[in-house]
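Encoded as structure tokens, the structure appears first; notes follow it.
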């Protein structure tokens, strides 16, 4: 072999070795990384998130957006991803090249919109004390703060508060403040609390029984606060309704009786008692210090009187009162030189207007001029506590009974008999001369119907 040939082969071997060394394969690494930004830094739905791919040495990408729209992307930068439901979601980026494949995963928490709400349920009724059960129905919250002014407790932090008790009557506001780390909102509702039970009632005799004499009918006026059901009882008498809120009672006989009212409101029961003393029936009713004007004072003071209504009747009073008038006084002037009591059905003969439905009353104006055998004195009047003295007095319709009297005799006793058969006596105590407004002051004792 020639030297030339040997050298050529050596050179070829060296070149081949060097070329093999230059073409040795090198692996390119795939580094995966990304960041994200939330629009307006608002994590409450709807949430928009922008992802920025920071990967190095990668050519291919696969994004997975759990709960997002879009759900996947193969772009290097996928743009804006929208989340519309609250939750905790996994975001994954896979990136690779021809030699290597890697991935990165993060967790993204999306918060719901804060919608505070609750239900307040009152146990039994709204009468104090009131227990309120609260059910939290808030959406999108993570922290809850409750305020119960004048309640027990007065505040609470947490999802489900305990039962709240109110004892003070009135309007009470319950406030819930809700947060979720990004938003804060509140809601208030009002609970009305009625006063606690307070027992009371009054016994009010009927108009005709205001003297508390038997037989007596009385109204039972229930003024209890905070009661719902009722029970009346009595040691005597006859109740109209024992289970009604308002009732009445009738006593046929005199005596002292105890009336009891028991109330319940679903939470408690209470009772209260009142006494009433019914007096024996005297058969007599007394009207004291009645003012009756002369004819010119009929519009202001009044010249007529009703022993049934126990009131003076004036000129301008309703015509419907005329049928109740049983005493009419006619005084001619302020000097009281000419006076008499006249029957209601004849007042039109004495400067007055006629009374509608007028009745007849017989009077003995002047016992000294009557010559009718009647002698009823001031002492008889003052000592009369029952109608017994009147029962024996004969009051007849005589012309002499209508004879007038003047103001020279004080006191003066005038006797009368009403259309419905009741006997009575009038004691004139005073004559007041005040011009056109002159009047007399009288006491009247008359039998009951």
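A straight line joining the Cα centroids of the range 151-190 and the range 390-417 runs 81 Å. Packing order of peptides 409-418, 396-405, 89-98, highest average first: 409-418, 89-98, 396-405 (average count of other Cβ atoms within 10 Å over each peptide's residues).
May I ask you to derive the FRET efficiency for residue 228 and residue 311 from their Cβ-Cβ distance with R0 = 35 Å, giving the value to the nearest 0.05? So the FRET efficiency works out to roughly 0.30. Computed from Cα positions, the angle between helix 3-22 and the longest principal axis of the chain comes to roughly 0 degrees. Entry note: the range 317-449 has Rg to Rh equal to 0.95, where both radii use alpha-carbon atoms and Rh is the Kirkwood radius. Segment residue 212..residue 106, full-extension length gain: 28.9 nm, with 0.36 nm per residue of separation and the alpha-carbon distance subtracted.
Building the convex hull from the alpha-carbon atoms of the chain and averaging its projection over directions returns 41.5 nm². Computed from label points 7 Å out along Cα-Cβ, the spacing between residue 441 and residue 165 is 6.1 nm.
Shown for 241, 310, 285: other C-beta atoms within 10 Å of each C-beta, ranked fewest to most, produce the order 241, 310, 285. A Förster distance of 25 Å, applied to the separation of the beta-carbon atoms of residue 253 and residue 383, puts the FRET efficiency at 0.45.
Based on DSSP H segments of at least four residues, each scored -39500 (n - 2.57), the chain has a per-residue ellipticity at 222 nm of -2000 deg cm²/dmol.
Pairwise alpha-carbon distances in the range 59-128 exceed 18 Å for 55% of all pairs.
Each label was represented as a point 7 Å from its Cα along the Cα-to-Cβ direction; for residue 286 and residue 62 these points are 11.5 nm apart.
None of the figures in this text is laboratory data; all of them are computed from the coordinates on show. On a predicted model such as this, the values are computed, not experimentally measured, just so you know. Neighbour counts are summed over all protein chains in view; Cβ atoms, including those assigned to glycine, are modelled from backbone coordinates with ideal geometry.
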